[in-house]
Amino acid sequence: MSKRKLTIAVTGLNNTDNPGPGIPVIRGLRDSEEFEVRIIGLAYENLEPGIYMHDIVDKTYQIPYPSAGTEVLLARLEYINSIEKIDVLIPNFDAELNTFMRSADKLKKMGIRTFLPTLEQYEERHKSVLPEYGEKYDVRVPKSKAIFNASDIYSLNDDFTYPVMVKGKFYDAFIAYNTEQVKMHFNKISSKWGLPVIIQEFVKGVEVNVVALGDGKGNVVGAVPMRKQFITDKGKAWAGITLKDDKMLEQTQKIFSATKWRGGMELELIKTNDGKYYLIEINPRLPAWVYLAVGAGQNLPEALVKLALGEDVKPYENYQVGKLFIRYSYDLICDIAEFEQLSTFGEL
Amino acid sequence: MNINRNIAISDTGFVFDPSSGDSYSLNPVGTEIIQLLKKQKTIEEIQVEIVSKYEVDDVQLEKDIIDFILTLEQYNLIENNE
Amino acid sequence: MEKLIYERPLIKKLVTGMPNKFGMKTVNEPISHIENISVKELLEKYGSPLYVISEKTIRKVFKTAKRAFETRYPKVQFAWSYKTNYLNSVCNVYHQEGSWAEVVSGFEYDKAIGNGVDGNHILFNGPDKSEADLTKAIKNGSYIHIDNFDELYTIVKLVDEIKEKPKLAIRVNMDTGIFPQWDRFGFNYENGEAWKALNQILMNEKLELVGLHCHIGTYIMKTDAYAVAASKLAELAVRIKNKFNKNIKYIDLGGGFASKNTLKGAYLPASDTVPSFDEYAEAISNALLTSELEPQHMPTLILETGRALIDDSAYLLGTVQAIKRLADGRRSMIIDVGVNLLFTAFWYEHTITPAQPFSQYTEDTVIYGPLCMNIDVIRENINFPLLKKGDNFVINRIGAYNMTQWLQFITLRPNIVMIDLEGKVHIVRERETNENITNSERLPMHLQKK
């Protein structure tokens, strides 16, 4: 049987020490038995490694930052689509999701399908409103507070005991042991990601994650739990192992049934020594370690593409426990001419 | 005043300085001026050339060229042998 | 041979991790015309800088907002927020569209009367009401929204003298889950102060309670907050009904809807994040319709939104005065529009668009106003096309607050024109002259030049 040909656009080609999910998502798609994919990379910066990985990404275009607004983004995508005829677009950055969700209808008119959460689903899982989320869906979450003003830092002692986590709206999380450190992180984070900055109770335990995909009707199409085995100084997993943990899967199913989540998701949980799970974050997309799920038997990127195309997908029921991923770095060699090409024309 | 000899300038307006590893991008007028500079043209000759081609007056252009050359100096792209 | 369009020569270092020209383009097309009238011609005829107001846009946005609410709630009344823009020409467009007037001072009150608004179509808000103002408002049958107990006692005292029954509402402040919580205006809901004030009014036969008012904040992007506010006011109305068997006439949810201007420090542009009128209307109507209010006695819903109605309807046009380089190598551009005319530049990242064609090349630029004052910054850091002295630009979305909070500082204020529905241009406020400013000055004899 010959494979179906599809053109798929992917962002998040920053396969650095703080990697975006683009390259792992693409590897999943390239592994597909059903599709033969042409991959269009969409890059924000000119040194995102994926741009130069020609066996992974067929062609890359630069696109404007989300902060430039949907209008300029759509104009750029229209141009790209006129050349490439994109079937499905998979955005992989938190910060760009809002822009793409709002553009979903217009993209559809261009013939570009996406499979994203609804704005409501996206908004209610924000870190700044995690306590409300926990209450609404009966999920245990650490105590947290969104602060808008550096002067609020002094009154944190009333509600929190140090250490606390200081988190940005989209990215970044730091541990702080005193007021001064909170202040430092507050300034750094707010200048980068805006307000509010989230202060979260520090829960001691093991960090465990679930990658999952929802069909938008309350079903979990696939879910794989993982424990980080090695964490970089940026807090990113450098190695991890799939777990057999029914409680985590139950938790995932419960959240998906209640919210009817649509698209990829990463649940970040802390498992305490006495076996309690705290939900600390919900990332509204597939994570950078999604290829572990592919390796363990659940090709979630492929399933996501099928959902985007409006096809029925049979939920994955199994995965291999004890599969490991070990990340490694690799030095690509490329000529300045490639950099020139990209910098001058915005395409490579 | 000379453009550093090793500097590579492409027609697309991409500049690579092999001694520092820095690269730069130019707009069309910038590309044209830097190429004329590389051909050892004087500022007066460059002005005549640009004015004949673009919708600009002498005063505006002179001011812009002086400023542009200052930037090139800041980036160490120009050897000043005065 | 036709000559090519000139832009100043530009060389830009490609910095790792920094976006290049494809990453940062913020505007696509020049704005050469406003409603088919050339920007250049407007500036030649009326001088630079120039405020331009579009009557068409005012009416269009108003109709959109009105439709959003009227399709969801049975009785809706808009009241034009004078402080947002009290040019008579602007106010009268809103009054023609059916808006009442919402005023917050004696000055604004008199302006509304001067615009021919009926006394019983004026809502009088705010803490700035003198006894004379209150007396006038009571006699005209205007709705007085009480801010504090001192004001309530003043009214009680005045009623004994005037012998007319004032129509009163109280302003309520409350926790709606947003930050900051505005608690400086009105009576607090949670601590029972609002209920106490309502009891005092309802037990006094010389006073008439007609409505409940709140205004939860400004530039509110969470529609939920309005739903909370509407529910709390509805709950107060139900308590009034239960205890005093009185149906209040209206619930006034104030304003505070965000416009599509991006606040400083926001990551995403407001055009992508700000709720639409439909979304605000949905939250508010839903909260009222699902409350315990009796369906046959639903109060009128009053809205005082200002910013979201007018912001898109006005433009500030201007001219580049100089391009220069700062000590650190950054580019700066000096324009003839300063914070004296664009007060909102203190909190918005205004969109500035060239009025003539430009290329995709941009440079990191600081945009300064013309004032000889360090605070006069219009944009601190913007990737901007390469303009030159004499080029024109358009700043859009400036209709709210700029024509009221502007400063007569260092220089005079320019013409304001309005483009009417037929495309005719009218001066609606003449540029100031030295005499306008100095006429009210008095020079003591001993300082006069002999």
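The values are calculated or read from the model by the stated rules, or taken from the named source; none is laboratory data. Everything numeric in this text was worked out from a predicted model, so none of it was measured. FYI the Cβ positions are ideal-geometry reconstructions off the backbone, even for glycines, and counts take in every protein chain you see. The accessibility values were calculated without ligands, DNA or RNA, using every heavy atom of the protein model including side chains. Shrake-Rupley method; radii C 1.70, N 1.55, O 1.52, S 1.80 Å.
Scanning the range A:45-72 for residues that are surrounded by 23 or more Cβ atoms within 10 Å (Cβ to Cβ) and out of contact with any Leu (no Cβ under 9 Å at 6 or more places or on another chain) yields a single hit, A:A68.
Name the residue, out of A:E78, A:E33, that is at pLDDT below 95, outside any loop (DSSP other than H, G, I, E, B) and farther than 16 Å from A:L348 by Cα. Selected residue: A:E78, the only one of A:E78, A:E33 that is at pLDDT below 95, outside any loop (DSSP other than H, G, I, E, B) and farther than 16 Å from A:L348 by Cα.
Results for (1) assigned to a helix (DSSP H, G or I); (2) open to solvent by less than 60 Å² (accessible area, probe 1.4 Å), shown as yes or no for each residue.
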| residue | (1), (2) |
| --- | --- |
| C:K111 | yes, yes |
| C:D128 | no, no |
| C:I144 | no, yes |
| C:I155 | yes, yes |
| C:L168 | no, yes |
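Restricting B:D58, B:D64, B:D17 to those that are more than 8 Å from chain C (Cβ to nearest Cβ) and surrounded by 15 or more Cβ atoms within 10 Å (Cβ to Cβ) reduces the list to B:D17.
Kindly evaluate A:L332 against the criterion of being open to solvent by less than 20 Å² (accessible area, probe 1.4 Å), away from every other protein chain (no Cβ under 14 Å), in contact with a helix residue (DSSP H, G or I) (Cβ under 7 Å, 6 or more places away or on another chain) and in a loop (DSSP other than H, G, I, E, B). Taking the combined requirement at face value, the residue does not satisfy it.
Here is a yes/no grid of residues against (1) in contact (Cβ under 8 Å) with a residue 40 or more places away in the chain; (2) open to solvent by 30 Å² or more (accessible area, probe 1.4 Å):
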{"site": "C:K324", "(1), (2)": "no, yes"}
{"site": "C:Q360", "(1), (2)": "yes, yes"}
{"site": "C:V366", "(1), (2)": "yes, no"}
{"site": "C:I398", "(1), (2)": "yes, no"}
{"site": "C:Q408", "(1), (2)": "yes, yes"}
{"site": "C:L421", "(1), (2)": "yes, yes"}
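Pull out all pairs, ordered by first then second residue, where Cβ-Cβ is under 7 Å, the residues are six or more apart or on different chains, the first lies in the range A:151-174 and is farther than 11 Å from A:Q200 by Cβ and away from every other protein chain (no Cβ under 14 Å), and the second is in a helix (DSSP H, G or I) and open to solvent by 50 Å² or more (accessible area, probe 1.4 Å). Taking only residues 6 or more apart or on different chains, the pairs are A:I153/A:K183. A:N299 meets the stated requirement of being open to solvent by 10 Å² or more (accessible area, probe 1.4 Å) and in contact with a helix residue (DSSP H, G or I) (Cβ under 7 Å, 6 or more places away or on another chain).
Among residues of the range B:20-47 being polar (S, T, N, Q) and farther than 22 Å from C:L386 by Cβ, the one that is most open to solvent (accessible area, probe 1.4 Å) is B:Q40.
Residue-by-condition table, conditions (1) under 25 Å from the mean Cα position of the chain (by Cα); (2) within 25 Å of C:Q96 (Cα to Cα):
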{"residue": "C:E108", "(1), (2)": "yes, yes"}
{"residue": "C:K111", "(1), (2)": "yes, yes"}
{"residue": "C:N125", "(1), (2)": "yes, yes"}
{"residue": "C:K129", "(1), (2)": "yes, no"}
{"residue": "C:D133", "(1), (2)": "yes, no"}
{"residue": "C:K136", "(1), (2)": "no, yes"}
{"residue": "C:R171", "(1), (2)": "yes, no"}
{"residue": "C:G177", "(1), (2)": "yes, no"}
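Of everything in the range A:116-129 that is out of contact with any Pro (no Cβ under 8 Å at 6 or more places or on another chain) and modelled with pLDDT under 85, the residue that is farthest from the other protein chains (Cβ to nearest Cβ) is A:K127. Determine whether A:I23 is within 14 Å of another protein chain (Cβ to nearest Cβ) and surrounded by 22 or more Cβ atoms within 10 Å (Cβ to Cβ). In short, no.
Applying the set (1) facing another protein chain (nearest Cβ under 10 Å); (2) under 21 Å from C:K3 (Cβ atoms) to B:Q47 leaves exactly one unmet item: (1). Output the residues belonging to the range A:137-170 that are under 21 Å from C:F179 (Cα atoms) and in a helix (DSSP H, G or I). Correct list: A:A150, A:S151, A:D152, A:I153, A:Y154, A:S155, A:L156, A:N157, A:D158.
The sole residue among A:K234, A:K217 that is touching a residue at least 60 places away in the same chain (Cβ under 8 Å), open to solvent by 10 Å² or more (accessible area, probe 1.4 Å) and over 30 Å from C:I178 (Cβ atoms) is A:K234.
Determine if the range C:301-319 includes at least one residue that is open to solvent by less than 30 Å² (accessible area, probe 1.4 Å) and over 25 Å from C:T57 (Cα atoms). The answer is no, given that none of the residues of the range C:301-319 is open to solvent by less than 30 Å² (accessible area, probe 1.4 Å) and over 25 Å from C:T57 (Cα atoms).
Here is a yes/no grid of residues against (1) among the basic types (K, R); (2) open to solvent by 50 Å² or more (accessible area, probe 1.4 Å):
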{"position": "A:Q121", "(1), (2)": "no, no"}
{"position": "A:K136", "(1), (2)": "yes, yes"}
{"position": "A:R140", "(1), (2)": "yes, yes"}
{"position": "A:N149", "(1), (2)": "no, yes"}
{"position": "A:Y154", "(1), (2)": "no, yes"}
{"position": "A:V164", "(1), (2)": "no, no"}
{"position": "A:N178", "(1), (2)": "no, yes"}
{"position": "A:K183", "(1), (2)": "yes, yes"}
{"position": "A:K188", "(1), (2)": "yes, yes"}
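With respect to the stated conditions, C:R429 fails to be of a type in the set (K, R) and surrounded by fewer than 10 Cβ atoms within 10 Å (Cβ to Cβ).
C:K249 passes every criterion in (1) open to solvent by 20 Å² or more (accessible area, probe 1.4 Å); (2) under 26 Å from A:E132 (Cβ atoms); (3) in contact with a strand residue (DSSP E or B) (Cβ under 6 Å, 6 or more places away or on another chain) apart from (2).
Counting only helices (runs of 4 or more DSSP H) that fall entirely inside the range C:185-289 and contain at least 1 residues that are among the β-branched types (V, I, T), modelled with pLDDT of 95 or more and within 24 Å of C:K129 (Cα to Cα), the qualifying elements are C:193-203.
Of all the criteria given as (1) aliphatic (A, V, I, L, M); (2) in contact (Cβ under 8 Å) with a residue 12 or more places away in the chain; (3) open to solvent by 30 Å² or more (accessible area, probe 1.4 Å), the one not satisfied by C:L443 is (2). If you go through the range A:36-51 and keep only what is within 14 Å of chain C (Cβ to nearest Cβ) and not in a strand (DSSP E or B), you end up with A:Y44, A:E45, A:N46, A:L47, A:E48, A:P49, A:I51.
Scanning the range C:259-272 for residues that are more than 7 Å from chain A (Cβ to nearest Cβ), open to solvent by 20 Å² or more (accessible area, probe 1.4 Å) and either out of contact with any Phe, Trp or Tyr (no Cβ under 9 Å at 6 or more places or on another chain) or free of Cβ contacts under 8 Å to residues at least 24 places away in the same chain (or both) yields a total of 1. Can you confirm whether the range C:83-98 contains a residue that is within 27 Å of C:A287 (Cβ to Cβ), open to solvent by 50 Å² or more (accessible area, probe 1.4 Å) and either more than 16 Å from the chain's Cα centre (by Cα) or outside the structural domain of C:I302 (by TED's automatic domain parsing) (or both)? No, the range C:83-98 contains no residue that is within 27 Å of C:A287 (Cβ to Cβ), open to solvent by 50 Å² or more (accessible area, probe 1.4 Å) and either more than 16 Å from the chain's Cα centre (by Cα) or outside the structural domain of C:I302 (by TED's automatic domain parsing) (or both).
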